[in-house]
Amino acid sequence: MKNIVLIGFMGTGKTAVGRRLAYRLRRAFIDTDAEIEAVTGKTVSQIFARDGAVRFRSEEALLVKKLAVREDLVISTGGGLALNPENVRLLKEKGILIALTASPEVVHSRLFRKKNRPLLLKGDLRQRIEQLLEERADAYGVADFFVDTGVGSIDEAVEQILLYLSERKEIR
Ligand code: S3P
């Protein structure tokens, strides 16, 4: 069956929701950031600092090419992966895209202690989140279904996704 691909901004819960969704569907779970770290032997922060953003984006694009031909996966993507239209095109061929959303306040409260988001290290965190969310609104808008993770628990987000998928007969 089709891959289920979670897209959305940093701190919207893609990894937590994806892992739980995969467990519920008894599917393999892939987190693109973790996969890139495993393949390169470096953390995402190290790749950004040592090799630059362009290199990270090309690692993402390479991984998408490999994943897009597979089936039955739950894939949680890094927050910038859906900015590349070619990534979206490939993932949509055999997948359903689900965008997780959250308000700037919620994202801020989830990320303000974290030091592992290279794009959020400079300047005022709150302003940076708002700016990037605005810049990226269209990119995340390509999803087939949207779930606001700011209002309920991880399990509730998973239930909403399962309901959507079963109504569309995308899961058995
Ligand atoms: C990024 C999001 C991060 C990670 C990298 C870049 C982005 O993933 O891929 O720091 O551009 O939004 P998460 O969305 O899992 O935090």
Would you be able to tell me the number of residues in the range 17-42 that are within 10 Å of the ligand (Cβ to nearest atom), touching a helix residue (DSSP H, G or I) at 6+ places or on another chain (Cβ under 6 Å) and either open to solvent by 40 Å² or more (accessible area, probe 1.4 Å) or outside any helix (DSSP H, G or I) (or both)?
-> 2
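Here's the yes/no breakdown for (1) free of Cβ contacts under 8 Å to residues at least 40 places away in the same chain; (2) small (Gly, Ala, Ser); (3) at positive phi; (4) open to solvent by 30 Å² or more (accessible area, probe 1.4 Å):
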residue: 128; (1), (2), (3), (4): yes, no, no, yes
residue: 134; (1), (2), (3), (4): yes, no, no, yes
residue: 141; (1), (2), (3), (4): no, yes, no, yes
residue: 146; (1), (2), (3), (4): no, no, no, yes
residue: 151; (1), (2), (3), (4): yes, no, no, yes
residue: 156; (1), (2), (3), (4): yes, no, no, yes
residue: 159; (1), (2), (3), (4): yes, no, no, yes
Among (1) open to solvent by 30 Å² or more (accessible area, probe 1.4 Å); (2) within 15 Å of the ligand (Cβ to nearest atom), residue 67 falls short only on (1)
Somewhere in the range 73-85, is a residue over 15 Å from the mean Cα position of the chain (by Cα) and surrounded by fewer than 17 Cβ atoms within 10 Å (Cβ to Cβ)?
-> no
Could you grab the pairs with beta carbons closer than 8 Å, sequence gap of 6+ or different chains, first residue in the range 1-26 and free of Cβ contacts under 8 Å to residues at least 24 places away in the same chain, second one within 16 Å of the ligand (Cβ to nearest atom) and not in a loop (DSSP other than H, G, I, E, B)?
-> 23/29
Out of curiosity, is residue 58 of a type in the set (Ser, Thr, Tyr), within 19 Å of residue 116 (Cα to Cα) and either within 16 Å of the ligand (Cβ to nearest atom) or surrounded by fewer than 22 Cβ atoms within 10 Å (Cβ to Cβ) (or both)?
-> no
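The values are calculated or read from the model by the stated rules, or taken from the named source; none is laboratory data. None of the values given here were measured: they were computed from a predicted structure. As a convention, Cβ positions derive from the backbone with ideal geometry for all residues, glycine included, and neighbour counts pool all protein chains shown. Side chains included, ligands, DNA and RNA excluded: accessible areas come from the protein's heavy atoms. Shrake-Rupley method; radii C 1.70, N 1.55, O 1.52, S 1.80 Å.
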